[in-house]
1. State the number of residues belonging to the range 373-397 that are more than 29 Å from PHE517 (Cα to Cα) and either of a type in the set (Gly, Ala, Ser) or surrounded by 21 or more Cβ atoms within 10 Å (Cβ to Cβ) (or both).
2. Would you check if there is a residue in the range 444-458 being in contact with a Pro (Cβ under 7 Å, 6 or more places away or on another chain), in a loop (DSSP other than H, G, I, E, B) and buried (at least 23 other Cβ atoms within 10 Å of the Cβ)?
3. Any chance the range 284-296 includes a residue that's at pLDDT below 95, under 22 Å from PHE187 (Cα atoms) and touching a Lys or Arg at 6+ places or on another chain (Cβ under 9 Å)?
4. Do the conditions hold for GLU464, that is, is it touching a Gly at 6+ places or on another chain (Cβ under 9 Å), buried (at least 16 other Cβ atoms within 10 Å of the Cβ), under 11 Å from ARG540 (Cα atoms) and modelled with pLDDT of 95 or more?
5. Checking ILE470 against (1) buried (at least 20 other Cβ atoms within 10 Å of the Cβ); (2) out of contact with any Ser or Thr (no Cβ under 7 Å at 6 or more places or on another chain); (3) of a type in the set (Val, Ile, Thr), only one condition comes out false. Which one?
6. Give the number of residues within the range 335-344 that are within 18 Å of PHE395 (Cβ to Cβ) and surrounded by fewer than 24 Cβ atoms within 10 Å (Cβ to Cβ).
7. Being assigned by TED's automatic domain parsing to the domain that holds ARG282, part of a loop (DSSP other than H, G, I, E, B) and more than 22 Å from TYR277 (Cα to Cα), is that true of even one residue in the range 184-203?
8. For LEU414, work out the one condition from (1) in a strand (DSSP E or B); (2) farther than 26 Å from TYR137 by Cβ; (3) touching a Pro at 6+ places or on another chain (Cβ under 9 Å); (4) not β-branched (Val, Ile, Thr) it doesn't fulfil.
Amino acid sequence: METVALATVMLVLSAVPAGASPLPEKPPAAPEVMNVLKTAPFTGEPYELRGKRIVFTDYYFIRPGVLLWLNDKGKYVNTDKEPVYGPYDVHLERPSSPYGIEIVTQPAQGRELLEPQRPWEKNGVRFFSVLQDGETYKAWGACDPGGACYFESKDGIHWDRPKLGLKDFEGSKDNNLLAGGPAGCVFVDPHGPPEERYKSVGTMELTWEQFQAFRMKYPDRWENRAIEAHGGETAIMAIRGAVSPDGINWTLLPDPFTVEKSDGQQVGYYDPGLKEYVVFVRNWWAGSRSERWTWDGRETWQGEKHGSGRRSIGRMVSRDFREFGLSENVIVPMPGDMSATEVLYLNTYTTIPSAPDNHLMLPTIWDTRDDTTSIGLWSSADGILWGKVPGPRLFETAAFGEPDGGAVFGFPGLIERADGSFALAYEGHNLPHKYPRALRQIRGGFIVWPKGRIVAVEAREAGEFTTVGIMPPGRKLRINALTKRAGGIRVEIATLLDEPLPGHTFDDCDVVQGDQFWTPVTWNGTGDLGFKDGQPIIIRFKMERAKLFGIEFD
């Protein structure tokens, strides 16, 4: 009972506006209660940011607010039984409650195609993994006819071809071609040993003999859907990994992670909070087959013509990059998110640049009604619980006749380029995805969001919201925003108990108007946030006819 009382008092204290109620300054908790609570990690405010930036891709960083019924003396009387109040004896207050805002995706504003520049890429070049490693942007892809290749850039816009000296092409090794690997999509591992700083995840097809050996060694790391039979032909799919000290020289791990049906994209990363490796894969939303049915020896589980399994996104985790278990679905096609004819094709997991707390999926969505594709957006605060971000698709199949007029597919990860734009590697097909492929042409490139504007908190008229409490990683605040001429944004800095910091109220704030790209927020001309060292803060926003694309700390 003491624990419940403590939690209730703490909630009330965080919700009551300054001067509204004569509640005690501290929860009257017994020492033994606090000692028990200290034995497990606390949950709730304030949060510690892993980066310097917040992009509001979901409600994780936005306070839901509370409602307070106050009597004529300003006392908090929620759920009180004594005395008896009449229907008009108390009034309602909503401290920190958001209103008038919505989170909306922002479609890409452009595309850039990669132009072939060398003989080994004369038929095209495309990137399958792009990331920023320190001051250098790096990309791994495929050159036609050269094969696997590697690129570097100083700005994420202009790409160099390092002379690796690894693979012969037309009598010369003076090129950027890789001798082998990576297995698939690449990520940098800050946790592993130096000789495995770079890791990749992909697929392989097993022979029957290889599968039998794996099944005997790892009896709980395979599923029967991995064995696919169509018209007398059998294929067995497995997920595998590779490691590298430099991203150039790759070693395939000897054993697959799992044997499961995942013929799409696999993307991995190391999560420092969970202290686990996480891999997202193509999965299938399909139920168990009736045991009363007798297999006819032809098609196994999905079927070439009826397509019973809905493509979805699965997740596998491990503390050891070699010891994964079978994946489990984390995103499936749901009504309201997708139509009945749409399925999730490639997951394209990434994070917001400079905001590793913002986990994103930019999945390719395939529509079986007309064989078109598009790229959507899902968001998560922890990489486990996912929700679709409202708004239009980020990118669509172009018009017939365009290089990407048949299908589009996205690849990780989302990068912030030197000009402040966000860019995502993609490839465009001139023909629909399942169309006969003799005349198919594939062009690689980037889809682009100028000024990094991929998601917005939008107030079409007047709106307001408050962040959760955070430990600010800097003393100045910058804002990426766009407002109408008759609109604007004001910002207030307050304590966890909603008490504005002196000189940092809405009235003190210099209004933000127009097109502001990471512009400092000031109060009476001063940019310092005004908090004491070690003090958490909340940030309040009043918006009118405005879009807020993100905030960051200096």
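1. Number satisfying all stated conditions: 2.
2. No.
3. Scanning the range 284-296, I find no residue that is at pLDDT below 95, under 22 Å from PHE187 (Cα atoms) and touching a Lys or Arg at 6+ places or on another chain (Cβ under 9 Å), so the answer is no.
4. Working: touching a Gly at 6+ places or on another chain (Cβ under 9 Å): yes; buried (at least 16 other Cβ atoms within 10 Å of the Cβ): yes; under 11 Å from ARG540 (Cα atoms): yes; modelled with pLDDT of 95 or more: yes.
So GLU464 fits the description; yes.
5. (1)
6. 5
7. no
8. The failed condition is (2).
The values are calculated or read from the model by the stated rules, or taken from the named source; none is laboratory data. Please read these numbers as outputs of a predicted model, since none were measured by experiment. Counting neighbours? That spans all protein chains shown, and the Cβs are built from the backbone with ideal geometry, glycine included.
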